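Every number in this text was worked out from the coordinates using simple rules, so none of it is lab data. Model, not experiment: these values are computed from the prediction. Note that each Cβ is placed from the backbone with ideal geometry, even for glycine, and that neighbours are counted across all protein chains shown.
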Amino acid sequence: MSTTWYLLVSAVVFCIGAGGILVRRSPLVILLCLELMLNAANLALVAFSRANGNQDGQIFAVIVMVVAACEVAVGLGLIVAIYRRKLPVDVDELRELQG
Amino acid sequence: MSQYGWLILGFPLAGTVLIALTWKRLPARAHGVIGTAAIAGAFVCSVLALLKLQSLPSDQRQVVAVGWDYAKSVGVDAELTLLLDPLSIFMCLVVAGVSTLIHLYSTAYMASDEGFSRFFAYLNFFVFSMLLLVLAGNFLVLIVGWAFVGAASYLLISFYFRRTTATKAGIKAFVINVVGDVGLVLGTYFLFKHLHTLDFVKAFERTNETFTRNDGDLVAGCLLLLVGAFAKSAQVPLHTWLPDAMEGPTPVSALIHAATMVTAGVYLIARMYPLFEQAPAAADVGAVIGAATLLIAATIALVVTDLKRVIAYSTMSQIGYMIMAVSSAAYAAGLFHLLTHAFFKALLFMAAGSVISAMGGLQDLDKMGGFRKALPFTYGCMVVGGLALAGVPPFSGLFSKDEIIALEFERGGFHAVLGVIGYLGSFLTGVYTFRMIFRAFHNDPVPEAAELIRGHLAHHEVPVNPATGEEEDSEVGFPGPEHHIAEREPAMKVAMGALAVGAIGLGVLQVPGVTRVVHTFLEPTFADSRYYAELEPSTGSSWIGLAVGTVMALAGIALAYRLWVKDRRAPALIRARLAPVHAFLANKWYFDELIDLVVVRPSAWFGRFAANTFERLVVNGVLVDGTSGVVRAGSAAVRAIQSGFLRAYAALLLGGLTAVALYFLISAQ
Amino acid sequence: MTIHLALLLFAPLVFALIGAVAPPRATAPLALAGAVVALAFAVALVLDFDHTQRGLQYLTDDEWIPALGIHFKLGVDGLNLWLVGLTTLLFAATAVWTLVRPQERPRAWAFHMAVAETAVLGAFLAQDLALFVFFFDLMLVPFAFLLLGWGGPDRRPVTLKLMIYTLVGSLLMLAAAVATATLTAQASGGSITFVLADLAKVHLGQGTQRLLFAGFALAFLIKMPGLLVHGWMPDAYRQMPMPAIAVFSAVLSKVAAYGFLRIVLPLFPDATLDFQLVLMLLSVGGIVYGSAMAFTQTNLRLILGYSSLAQLAFITLGIFSLRPEGVQGSILQAVNHGLVVLPFFFIVLLASERAGGSEDIRDLGGLAFRGPVIATLALIVAFATLAIPGSANFAGEFFILLGAFKAYVALACLAFTGVVLASVYVLRAYIRTFHNRAGPRVEGGDLTGRDRLVLVPLVLAILAFGLYPQAALRDGEQAVGGASSAVLTGVRSVP
């Protein structure tokens, strides 16, 4: 099976994730979508690794997973903290970064 | 020889420093002694220098004493040099001699003043500066002395510094004198540009070969030097500071504003004679201004009612004679008048000081009268001084003044007109001098005079500023609570007596056809002059001139007698009939108003414009706010992107990423 | 005799670093020791300097960043000798000032002052363009902290304003400096260098010179401050702590004037000639404008501020007369102005202490009655400030105006109005402070023994310098005069 199909799936998943980030307002869902995008990238990495016949891409994928786990931990922590402080769980309401 | 030059300067400077350093440690009286002794020392040194100079052959009577390099660099050759020649020694003798007597007078006159030590420190500093001025051997040292006497004059005018009138007069005098300094410096530049030296001796040697007659830059330079001379010597139109300078204590008026400093302009022109003779256009301006001043000042003196200001205007008028003389190449005559004037004018001021003391500090002639019996010695001195000033034989003033006038006629041309003005001035001098004497000393005694006849010196319970009538700051010990009159103070008597002898007798130095001491003494200095030796009126015409001068002076005195002693209602009638003229004279020809209009107000306007408009609109408005405005507008545009919407950021990121990716895709093909 | 300039340069900093770890009591004495060591070095330098030998002396030359051709090169000649002396003297006086009037947080204060002294000395001594730029910008850092930490109530916005103004100039200068080095390397075909002597050997094109000139000139004019770019000055003068503003006015402004002489004239002679008239007009404008402003102000600090503007304009006028007389006068006047401004600020402090803290002449008056010694010392300082003939300030102005007179007679005549106006505003300030009747809250006595330690040495220095300005002129001639003048040769060789 040629690499193209893997990449196609990867692109579709990436776009679903990106679209989700752009349209959803709940930070929880945005975090989920972010994971989708990362895993789409992982898929592409593994596919290339297989196509090239070396293990570099797979090692990258493992590292991305570790980073994703950390990121989820921090992100979920933030969301819980927001929830605890009775702030709206909505990224459009949380706009203290406005210049 | 040169060591005498340094000693002449060293004594007064040491006096100043000594008094300043011991002002708390020694009693005030000691400072009077130190101050007087220092000046006496300078006088003795001047006499020794004179004797030494006379022992030299005539063509070597020009000694340059070099101190150290002052500012000698890149072509400017300013060393600290003194020039000892008959002219400078003559001036030293006048300055140190009169100063010694005035210091002596001050030890008594200022005795009860809180600022006694300060007064003597300033006075010694003044004498040092004046001697530096006359001994200067190059332009830069001259300018230094020139400015130092201005500074000393400022300090002494605002000596009673708690009076706003005094501080105002002080700053006025200082600023006008700075204008003079600027003229002097700028004039020096014009000359230095061509002569390439600041040294007097070298500059004068090069003058005739460097400049053609009436060369443009030379005339400009000389005119600017004249600005300096006019500012210092209170010549029209830079004279307005001198009457106000009478705010200073009376000995200051006698020393600085009559006998010495104000004659510096005369000395300057005489010293620079090789320049002025090569630039006759500038010299003529000097002569005309001198004549104008002598007339203008004399007319104002007719109506002024402040005793010291009458004498101040008469000083202006007499210096007008001297400026006219030295600008017309009558050097010896001008300097001779400087000498006699120093004596009789200092004497007049001292006598006036005694009268003012008797009045408890008041100076208004309207409030005076009948002091003849109360103050017999002062009266005597005042009359001697007055007769010398008016020019009545055999008093000294006649010989010096009429020598000037005779030489003006001898010079011929338009100078003859100046001579006529001189005679007119003689007449007016007689009138205003004796108006002052008659009003102060004759007629019915005022209460203060009556009290003094009974043996008691009048005192005012509340001290007031004589100029404004404003009550004085009571905690201030100056002017002191006590007043001192010549009749009770031997020191004052000695000083005035000595001056009176001079005022009577100094005429013998230059009796036409008999003696010519001043002339001969100064001859080596003016040896290269084009006019000096030839300008010699015949003895006969001189004596005719003396006779005319005497007649003019006596006519003036007679008129004064008629108006202010015999028919005392006449002045009021004349004043009523000639009201516009009187107003014109009483307002001093509106010179103050003119200067205010032309100089002071535009400057003040410019200052206000700079502060209120330019600084606010241009510097802070356009430059500061404008720059920050541009930055603010730019940042406002960029800031709009920072909406805070997380998803907007994400979209921007994706869009940007896509754009970059697309760019590479397209460019790769 | 060899004197290591690096020792002079870093002596204050080393002592400050020791002071930072020593007990707080020792801070002020240690800071004073650092300043005095530097002063001793400078005095030795002045005494040992050989004015008959041309060129830089006591050279220190090490490679600093070889890849960029930047050297750690220090040297002394007639241009900076007396300015180094002035800097060390005034910082020593400020250290004494801090000793008699302790500041809050003394360790931090002493450290900032030491950094400032090292930075100023570095800027004066640097013979490498990059080194100069480094020290020139370093000067600003301690003063920003001094203003922020010890300043008046409005210090925050004022610090920002000062920073922005000077940084704009500094960045332009940095860009111009980098451009100068690279363009010179291009023009000569050699490797890149920032050493001034090497840069001066290469002649850049006229258009290039103009741009670079503008960059440097703007930086220096802002620092002085010059007319039109002085917007930061009134606020900073009002808000800075007194000793800091005294040093700022007395020393830092001179670095800018010195920069013109050391960098602009030798490196960009064509552009200097092109812009001569512009700069002279700007200077005359500054003289008249600063003087006029000074006699409308009532705050003594601002009177001094605007008078400094006028005085610095005199110095610029002398430099851009491009005559040896004018340049000599400018060097002399730079020293003189520093020498009178610092004691003047101290006198303002003394006066305000006796008038309930007010620095406004409307609240002052009559101090001479209870404080005759202060009044006398202040009189000497005031007369020197208005450049009375006989003071070294007059000698400086005499030379400056002579140079200007030789360049443009009319401009010199206009500049003389500044001399007259100076006498008006200085005497006005003096009279309203010391003479007239006492102000409503004026009380207190004469100079105390401790304050004497600050004021008397400086007044003696003014008097001594007035008697013998030749000392500075002679050494200045080493760099200015003659056919191979370090400053004017380039300008002269241009047709």
task = Take every Cα pair under 8 Å in segment B:205-316 that's 6+ residues apart, average their separations, divide by the length, and report that relative contact order as a whole percent.
result = 35
note = With the dipole of segment B:518-649 defined by +1 on each Lys or Arg Cβ and -1 on each Asp or Glu Cβ, the option from B:Ala586, B:Ser542, B:Ser628 whose Cα lies farthest towards the positive pole is B:Ser628
ask   = What do the square roots of 5 times the Cα gyration tensor eigenvalues come to for segment C:19-118, in whole Å, largest first, as semi-axes of the equivalent ellipsoid?
value = 30, 19, 10
Kirkwood hydrodynamic radius over Cα pairs of chain A, then Stokes diffusion coefficient at 37 °C and 0.692 mPa s, in µm²/s = 219
request  = Partner chain Cβ atoms within 10 Å, averaged over the residues of B:64-71 - can you pull that number for me?
outcome  = 4
note = Note to self, chain A gives a 222 nm [θ] from helices alone (DSSP H runs n ≥ 4, -39500 (n - 2.57) apiece, / all residues, nearest 500) of -27000 deg cm²/dmol
task = Please label the shape of segment C:173-212 as rounded, prolate or oblate, based on the square roots a ≥ b ≥ c of the eigenvalues of the alpha-carbon gyration tensor (a/c under 1.5 means rounded; beyond that, a/b larger than b/c means prolate, else oblate).
result = oblate
request  = Among the trypsin sites (Lys or Arg not before Pro) in segment A:51-99, which ones are in a DSSP loop with at most 16 other Cβ atoms within 10 Å of the Cβ? Mind listing them?
outcome  = A:Arg85, A:Lys86, A:Arg95
key: Taking only Cα atoms of the protein assembly as shown, radius of gyration then Dmax in Å   = 38.5, 145
message = Along each principal axis of its Cα atoms, how long is segment B:218-361 end to end? Whole angstroms, biggest number first, please.
response = 53, 24, 21
message = Can you give me the distance in nm between label points at C:Arg25 and C:Ile3, each placed 7 Å from the Cα along the Cα-to-Cβ direction?
response = 3.5
ask   = Roughly what would the spin-label model give for B:Phe414 and B:Ile641, points 7 Å off Cα along C-beta, in nm?
value = 8.0
ask   = How long are the three semi-axes of the equivalent ellipsoid for segment B:144-268, computed from the Cα gyration tensor as the root of 5 times each eigenvalue, in whole Å, largest first?
value = 32, 12, 11
inquiry  = Can you compute the modelled spin-label distance between C:Glu443 and A:Ile79, with each label point 7 Å from Cα toward Cβ, in nm?
reply    = 7.2
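Working from the alpha-carbon coordinates of chain C, get Rg over Rh, Rh being the Kirkwood radius. Before the final figure, lay out each step's value.
Numbers: Rg = 21.5 Å, Rh = 22.5 Å.
That ratio is 0.95, to two decimals.
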request  = Give, as a single signed number, the net charge of other residues whose beta carbon lies under 12 Å from the beta carbon of C:Leu312, with Lys and Arg counted +1 and Asp and Glu -1.
outcome  = +2
query = So what's the back-of-envelope 222 nm ellipticity for chain C, counting only DSSP H runs of four-plus at -39500 (n - 2.57) apiece and dividing by all residues, rounded to 500?
reply = -23500 deg cm²/dmol
Trypsin sites (Lys or Arg not before Pro) lying in DSSP loop within segment B:15-89, provided at most 12 other Cβ fall within 10 Å = B:Lys24, B:Arg25
note = Taking a ≥ b ≥ c as the square roots of the Cα gyration tensor eigenvalues, with a/c under 1.5 meaning rounded and otherwise prolate when a/b beats b/c or oblate if not, segment B:24-112 comes out oblate
task = Mind checking the full-extension length gain between C:Val168 and C:Arg492? Use 0.36 nm per residue of separation minus the Cα-Cα distance, one decimal, nm.
result = 113.5 nm
ask   = Once you mark the trypsin sites (Lys or Arg not before Pro) that are in a DSSP loop and have at most 14 other Cβ atoms within 10 Å, what is the longest gap between them in chain C?
value = C:1-361
request  = Would you mind checking the tilt of helix C:372-385 against the longest principal axis of the Cα atoms of chain C, expressed as 0 to 90 degrees and rounded to 10?
outcome  = 30
ask   = Between B:Thr240, C:Val168, C:Trp150, whose Cα lies farthest towards the positive end of the dipole of the protein assembly as shown when Lys and Arg beta carbons carry +1 and Asp and Glu beta carbons carry -1, centred on the Cα centre?
value = C:Trp150
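Longer than 22 Å from Cα to Cα, which of B:Lys373/B:Lys493; B:Lys367/B:Lys401; B:Lys72/B:Lys193; B:Lys172/B:Lys588; B:Lys168/B:Lys232; B:Lys308/B:Lys588 are they? Say none if no pair is.
The pairs that break the limit, which is 22 Å between Cα atoms, are B:Lys367/B:Lys401.
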message = Give the aspartates and glutamates whose C-alpha is closer than 12 Å to that of C:Lys223, dropping any in the same chain fewer than 8 places away, or say none.
response = C:Asp137
ask   = B:Thr210 to B:Glu471: FRET efficiency via 1/(1 + (r/R0)^6), r the Cβ-Cβ distance, R0 60 Å, to the nearest 0.05?
value = 0.50
query = How large is the dipole of the protein assembly as shown about the Cα centre if only Lys and Arg carry +1 and Asp and Glu carry -1, each at its Cβ, rounded to the nearest 20 debye?
reply = 2020
task = With a Förster radius of 25 Å, plug the Cβ-Cβ distance of B:Asp364 and B:Val600 into 1/(1 + (r/R0)^6) and report the FRET value to the nearest 0.05.
result = 0.35
message = Which trypsin sites (Lys or Arg not before Pro) in segment B:159-233 sit in a loop by DSSP (not H, G, I, E or B) and have at most 13 other Cβ atoms within 10 Å of their own Cβ?
response = B:Arg213
ask   = Per residue of chain B, what 222 nm ellipticity follows from adding -39500 (n - 2.57) for every DSSP H run with n ≥ 4, rounded to the nearest 500?
value = -22000 deg cm²/dmol
message = Could you work out the relative contact order of chain C? I mean the mean sequence separation of Cα pairs under 8 Å and 6+ apart, divided by the number of residues, in percent.
response = 16
inquiry  = With only alpha-carbon pairs counted, each pair once and no self-pairs, how large is the Kirkwood hydrodynamic radius of segment B:562-669 in angstroms?
reply    = 22.6
query = How big is D for segment C:46-88, in µm² s⁻¹ as a whole number, if Stokes-Einstein is applied with the Kirkwood radius of its Cα pairs at 4 °C and 1.567 mPa s?
reply = 110
message = Between segment B:91-137 and segment B:175-217, how far is it from one alpha carbon centroid to the other, in angstrom?
response = 30
remark   = Listed residues A:Ala47, A:Ala73, A:Ala11; largest mean-square fluctuation, Gaussian network over chain A with Cα springs below 10 Å, found at A:Ala73
remark   = Neighbour-count ranking for A:Cys15, B:Cys45, A:Cys70 (other C-beta within 10 angstrom, fewest to most) reads A:Cys70, A:Cys15, B:Cys45
request  = With the Cα gyration tensor of chain B in hand, convert its eigenvalues to equivalent ellipsoid semi-axes via √(5λ) and list them largest first in whole Å.
outcome  = 55, 34, 26
query = Given the Cα atoms of segment C:209-268, and with Rh set as the inverse mean 1/r over their pairs in the Kirkwood sense, what is Rg to Rh to two decimals?
reply = 1.05
message = Under 8 Å for C-alpha pairs, at least 6 residues apart: give me the relative contact order for segment B:356-481, rounded to a whole percent.
response = 37
query = When the dipole is taken about the Cα centre of segment C:1-129, and only Lys, Arg (+1) and Asp, Glu (-1) are charged at their Cβ, what size is it in debye, to the nearest 20?
reply = 580
